[in-house]
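*Asks:* This is the structure I have questions about; it appears just below.
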Amino acid sequence: MKISDTARLLLAIFVMAGLSGCVALLIHAGKRAYLASRKPAAAQPAARAPAAAEQALQDAIRHGAPGLTAIVMRDGRVLFREDLGGIDPAAQFPVASASKWMTAALVMTVVDEGKLSLDAPISRYLPAFTGAVGRTTLRQLLAQTSGEGSLLDRVDLQQDPRITLAASADAVARRPLQDAPGTVFRYGGPGFQVAGAAVEAVTDERWSALFDQRIAGPLGMTHTYWEHLPTRGVAPSDTLDPLLQGGVVTTAQDYARFLTMLAQDGSADGKRILSTGAVDAMETAQTLGLPMAYKPPGAGHGGPQYALGNWCERWSADRRCTLVSSPGAFGTYPWIDRQSGLYGIFFTRARLPRIVDDLVRARTAILEAYGGRDRHA
């Protein structure tokens, strides 16, 4: 059978179209393979919490935590993260006394500059402090041994968020001391407001702005801010008197960034925030041999000492803390174990006394499972 010229032409067109389609398919497949090869390799899955730790964290949820994030790290890397219960992984909570660690860190940036001294009388920076109260020091203020009372007095909590830190400190200066400076530990007094006022006096900067410049900004803590507690409806931007012992609002991730800086002796991501000496000072027990006149429920688990803005849960003969923490009344519990290099945070919003035993059990299980390294070895 003869094929007409027209048929031959149509056949050629069909053949060419088919070949073109095949070529197009081959090109498309090759492109997909190339793009796939350019994608970053999938991240290796992090380790999971040991079974005993996960059980303890589930117990915390049963005991009142509506949800809980646990982050455990070493050398700036996440060992594992668990978001348990109903917590949003990006949850932003007030952390109560877990704020104290951040307050001490900002104060120490100014000490590093030489504008403040831990052991000079506070009257050097705040002239309203005279007599015995004027002889208190920054070290005593941050160690809660300044004699200005305890959380039971609610002095700073009752202040107006719109007054300045200077006015806050002036009100403290007018109160009689409960103890001679440096002789008794009482948790939660207004001394952190005094320390903050001294910082503002020598830097001529507002507390919140200075924190953003020196700590939050360099560390990428983009979801952290200060407020008064209670807020009394005053926006953070209008709060001139943030509660320095308990006014931080943050996320688990942001707080982990802060812990990484401390765990790495004051630096993170190539940025030096604190000197090694400042971190060492913050982690030296200050209350050995002193009466512990007041500790709030849930805090100070296991009979620890206090350092500067954090609890010293274990310490060596030279008073260097080997396990430090700063738990808050709302349940958040950050910690650093210096012997193993492990550090982490249990982040939630629940009453600390109801869950603290569970959180400590979880940490113990984590240290037993992953803590087999001494950073000083």
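The values are calculated or read from the model by the stated rules, or taken from the named source; none is laboratory data. Remember, it's a predicted structure, so these values are computed and weren't measured experimentally. All Cβ positions, even for glycine, are placed from backbone atoms using ideal geometry, and neighbour counts span all protein chains on display. Calculation scope for accessible area: heavy atoms of the full protein, side chains included, ligands and nucleic acids excluded. Shrake-Rupley method; radii C 1.70, N 1.55, O 1.52, S 1.80 Å.
*Asks:* Let me confirm something: among 232, 257, which residue is assigned to a helix (DSSP H, G or I) and among the charged types (D, E, K, R)? If you could, list the steps in order and put the result at the bottom.
*Replies:* Details: 232 fails: assigned to a helix (DSSP H, G or I).
Testing whether each residue is assigned to a helix (DSSP H, G or I) and among the charged types (D, E, K, R) leaves just 257.
*Asks:* The conditions are (1) farther than 20 Å from residue 274 by Cα; (2) in a loop (DSSP other than H, G, I, E, B); (3) of a type in the set (Ser, Thr, Tyr), and residue 168 fails exactly one of them. Which is it?
*Replies:* (2)
*Asks:* Does residue 132 fit the bill of being among the small types (Gly, Ala, Ser) and buried (at least 18 other Cβ atoms within 10 Å of the Cβ)? Spell out the reasoning first.
*Replies:* On the way: among the small types (Gly, Ala, Ser): yes; buried (at least 18 other Cβ atoms within 10 Å of the Cβ): no.
No.
*Asks:* Take residue 250 and tell me if it is among the hydroxyl-bearing types (Ser, Thr, Tyr), open to solvent by less than 20 Å² (accessible area, probe 1.4 Å) and either out of contact with any Phe, Trp or Tyr (no Cβ under 9 Å at 6 or more places or on another chain) or in a loop (DSSP other than H, G, I, E, B) (or both). Before you say what the answer is, go through the steps one by one.
*Replies:* On the way: among the hydroxyl-bearing types (Ser, Thr, Tyr): yes; open to solvent by less than 20 Å² (accessible area, probe 1.4 Å): yes; either out of contact with any Phe, Trp or Tyr (no Cβ under 9 Å at 6 or more places or on another chain) or in a loop (DSSP other than H, G, I, E, B) (or both): no.
So residue 250 does not fit the description; no.
*Asks:* Moving to a separate point now. What residue, of 70, 52, is small (Gly, Ala, Ser), touching a Phe, Trp or Tyr at 6+ places or on another chain (Cβ under 6 Å) and over 28 Å from residue 292 (Cα atoms)? Talk me through it step by step, then tell me what you get.
*Replies:* Numbers: 52 fails: touching a Phe, Trp or Tyr at 6+ places or on another chain (Cβ under 6 Å).
Only one candidate passes the filter, namely 70.
*Asks:* Name the single residue, out of those in segment 315-335 being without any contact (Cβ under 8 Å) to a residue 12 or more places away in the chain and either touching a Leu at 6+ places or on another chain (Cβ under 9 Å) or over 20 Å from residue 264 (Cα atoms) (or both), that is most open to solvent (accessible area, probe 1.4 Å). Steps first, please.
*Replies:* Within segment 315-335, the subset without any contact (Cβ under 8 Å) to a residue 12 or more places away in the chain is 316-318.
Next, only the ones that are either touching a Leu at 6+ places or on another chain (Cβ under 9 Å) or over 20 Å from residue 264 (Cα atoms) (or both) stay: 317-318.
Details: 317: 113, 318: 97 Å².
Per the stated criteria, the residue is 317.
*Asks:* Which residue is farthest from residue 241 (Cα to Cα), if the candidates are limited to segment 49-92 and must be open to solvent by less than 10 Å² (accessible area, probe 1.4 Å) and of a type in the set (Val, Ile, Thr)?
*Replies:* Selected residue: 72.
*Asks:* Identify all residues within segment 207-241 that are basic (Lys, Arg) and either open to solvent by less than 10 Å² (accessible area, probe 1.4 Å) or over 18 Å from residue 165 (Cα atoms) (or both); write none if there are none. So that I can check it myself, show each step before the final result.
*Replies:* Applying the first criterion (basic (Lys, Arg)) to segment 207-241 yields 214, 232.
Scanning segment 207-241 gives a single hit, 214.
*Asks:* Only one of these conditions is not met by residue 350: (1) in contact with a helix residue (DSSP H, G or I) (Cβ under 9 Å, 6 or more places away or on another chain); (2) open to solvent by less than 10 Å² (accessible area, probe 1.4 Å); (3) closer than 21 Å to residue 96 by Cβ. Which number is it?
*Replies:* Every listed condition holds for residue 350 apart from (2).
*Asks:* Taking segment 133-182, which residues are closer than 22 Å to residue 283 by Cβ, hydroxyl-bearing (Ser, Thr, Tyr) and in contact (Cβ under 8 Å) with a residue 60 or more places away in the chain?
*Replies:* Once the filter is applied, which keeps residues that are closer than 22 Å to residue 283 by Cβ, hydroxyl-bearing (Ser, Thr, Tyr) and in contact (Cβ under 8 Å) with a residue 60 or more places away in the chain, segment 133-182 yields only 145.
*Asks:* Still on this model: When you scan segment 31-142 for strands (runs of 3 or more DSSP E) that lie fully inside it, which ones turn up with 1 or more residues that are among the small types (Gly, Ala, Ser) and at pLDDT 95 or above? Break it down into steps so the answer makes sense when it comes.
*Replies:* Values: elements: 67-74, 77-85, 92-94.
By residue number, 67-74, 77-85.
*Asks:* Looking for whichever is aliphatic (A, V, I, L, M), closer than 24 Å to residue 273 by Cα, in contact with a Leu (Cβ under 6 Å, 6 or more places away or on another chain) and open to solvent by less than 20 Å² (accessible area, probe 1.4 Å) here; the options are 110, 95. Which one fits?
*Replies:* Details: 95 fails: in contact with a Leu (Cβ under 6 Å, 6 or more places away or on another chain).
Result of the check over 110, 95: 110.
*Asks:* Mind checking whether some residue in segment 165-173 is surrounded by fewer than 22 Cβ atoms within 10 Å (Cβ to Cβ) and not aliphatic (A, V, I, L, M)? Steps first, please.
*Replies:* Just the residues of segment 165-173 that are surrounded by fewer than 22 Cβ atoms within 10 Å (Cβ to Cβ), to begin with: 166-167, 170-171, 173.
From what's left, not aliphatic (A, V, I, L, M): 170.
Looking for residues that are surrounded by fewer than 22 Cβ atoms within 10 Å (Cβ to Cβ) and not aliphatic (A, V, I, L, M), one finds at least one in segment 165-173, hence yes.
*Asks:* Still on this structure, please answer the following. Exactly one of (1) open to solvent by less than 20 Å² (accessible area, probe 1.4 Å); (2) in contact with a Lys or Arg (Cβ under 6 Å, 6 or more places away or on another chain); (3) more than 30 Å from residue 87 (Cβ to Cβ) is unmet by residue 293. Its number?
*Replies:* (1)
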